[in-house]
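Input: a single structure, listed below in structure tokens.
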Amino acid sequence: MKQSNLNIVIPLKDGKSLLHNTCTQGSLLLENSQLTYLSHPLTAPILLKLRLQSIGAILNTDIDEITVLRKKDFISKKYKEKSLSITVMMTEACNFSCSYCNQGTNKQSKFLDSATFSKLVSYIQSFPDCEKLEVSWYGGEPLLRKKDIAEFSSQLLSHCISKQIIYESHITTNGYFLTLETAEMLIKSGIKAAQITIDGDQDCHDNSRYIKEGHGSFELIMNNIKSVLENTELKIIIRTNVNKLNMDGLFNMIDQFIGFKFNHSDQFAIYFYNVYSPSKNQLEDSLYSDVDENLLDPFTFSHLQYKLNCYLRQNNFNVALDMPSFGGSCIATKKSSFAISPYGELFKCYVVMANRDEAVGTLSNEGAPLLDKSKFDTWNNWTAFEQEECRGCKLIGSCRGGCPLDYIQNNSHSNNFRCPPSKLYFNEYVFSKAVQNGLVQPELWDEKLSKTNQHSLRL
């Protein structure tokens, strides 16, 4: 037997350490004396050996875990796919005028019609051996076409029920039209969650996300959320885009959420995301330079993100995303998963959808998509296992390299630091989750020894 290459040891007080495996996401609290058995697992007491095996901390000597991980990744995402993830852009049109929008300021009013949806259904029906269908309804503001969404989602739900396929669906919305009646309609059609963007406390949000007539939207959206949480089972995930303009008001935003008693609901969760340059869509737009001036560097953002997530947990909120554990599961990494534009064009990333030159193909009437092989292969051939930063990193077991777009564009808009920002506070996140799960006591954290050391995250 041998030690896993994907183990991370976090030194704690009182002669203890927290052992974490990034592939299994399992953790164990150990005495420091027990760590020696990682190098000599055959000599470990049987109960300790079983505990170490349970989280993948020790393996059979004939296992090359990185090769196994890569092979599993290839089979599940490229070769024998069992799940299909589809992002449906219902329209580019929006009732808001957000300056940093990746779709630019000159939004088109085209919407996805029944004919285009029929082509999408043909594609889904042609996907062999499907066990799970994930559909994300996107915009613009998708609820401008809420009746179409309810009709389309109901059709997909019926198809999945008849074929015994798991159907999971959510919608990304600004929340302005998410009334109780609308939420009930979405739930009935199989949509179980809504992601809503809130850009800071009321003052910051209303200065950033306002309807075209110039009025703020915070209070109306808060009342919508409150009504939905109190009267339906729809999950609400808040995404807060962070930049220099709103960073100082984010703790106050959380306090305002507490005022609405959102922390009393298990259906409510929050995560923070660093605003990226809208120029990533590679469209020319005069407003982009102003947006870029207010972007946070990943190190400043990661520090703020960690402090905010700690404050959320202290106040009993659910944190939707704080540590890289998604296994690189976005549509960009899956061969058969796409984002669909209102024109029936296929993309491998929703960020670039406003730029029609970035399309990798189109839907067809026959089911099989019509692909531009060169453009499609650029995305489909990308893997974190070929990236220099990732090959020597213990976190490849969990994050799979972060956002593929940062690697594939490889231009001036790409971030020099391409890892998930939470990597900079990896130990802190692992420990906080261990505390939350009752594995360790908070007082075991050692301010000098326990903090994340980037060198210790290398193989």
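The string of couplings for the range 55-67 from the Karplus curve (6.51, -1.76, 1.60, θ = phi - 60°) is 10, x, 6, 10, 9, 5, 5, 7, 9, 9, 5, 5, 5 Hz, one whole number per residue in order, with x for Gly and Pro. The angle between the Cα long axis of helix 218-231 and the longest principal axis of the Cα atoms of the chain comes to about 70 degrees, rounded to the nearest 10.
For the chain, the longest principal axis of the Cα atoms and the long axis of helix 250-259 meet at an angle of about 80 degrees.
For G175, neighbours were defined as the other residues whose beta-carbon sits under 10 Å from its Cβ, and their charges (Lys and Arg +1, Asp and Glu -1) total 0. With 30 Å as the limit, write out which pairs from K16/K235; K132/K375; K82/K110; K82/K235; K119/K373; K132/K188 have Cα-Cα distances beyond it, or answer none. The pairs that break the limit, which is 30 Å between Cα atoms, are K16/K235; K82/K110. Computed over the chain, the P(r) tail beyond 35 angstrom holds 34 percent of alpha carbon pairs. Each of the GluC sites (Glu not before Pro) that DSSP puts in a loop and that has at most 16 other Cβ atoms within 10 Å breaks the chain; the longest unbroken stretch is 1-130.
Heavy atoms of the protein chains alone define the surface here; on that basis the chain has 45 Å² accessible area per residue at 1.4 Å probe size. How many percent of the alpha carbon pairs in the range 1-104 exceed a separation of 21 Å? That fraction is 54 percent. Element breakdown for the range 181-238 at a 1.4 angstrom probe: carbon and sulfur atoms account for 42% of the accessible area. Computed from Cα positions, the angle between helix 426-436 and the longest principal axis of the chain comes to roughly 90 degrees. Take the Cβ atoms of D266 and E219, set R0 to 35 Å, and the FRET efficiency comes out at 0.90. For the range 307-459, the equivalent ellipsoid derived from the alpha-carbon gyration tensor has semi-axes of 37, 18, 13 Å in decreasing order.
For C310, the shell of other residues with beta-carbons less than 15 Å away shows a net charge of 0, using +1 for Lys and Arg and -1 for Asp and Glu.
State the three equivalent ellipsoid semi-axes of the range 151-247, derived from the C-alpha gyration tensor as the square roots of 5 times its eigenvalues, in descending order and whole Å.
30, 14, 11
The values are calculated or read from the model by the stated rules, or taken from the named source; none is laboratory data. Computed from a predicted structure; not experimentally measured. So basically every Cβ, Gly included, is an ideal-geometry build from the backbone, and we count neighbours across all protein chains shown. Areas reflect the complete protein model, heavy atoms only, side chains present, ligands, DNA and RNA absent. Shrake-Rupley method; radii C 1.70, N 1.55, O 1.52, S 1.80 Å.
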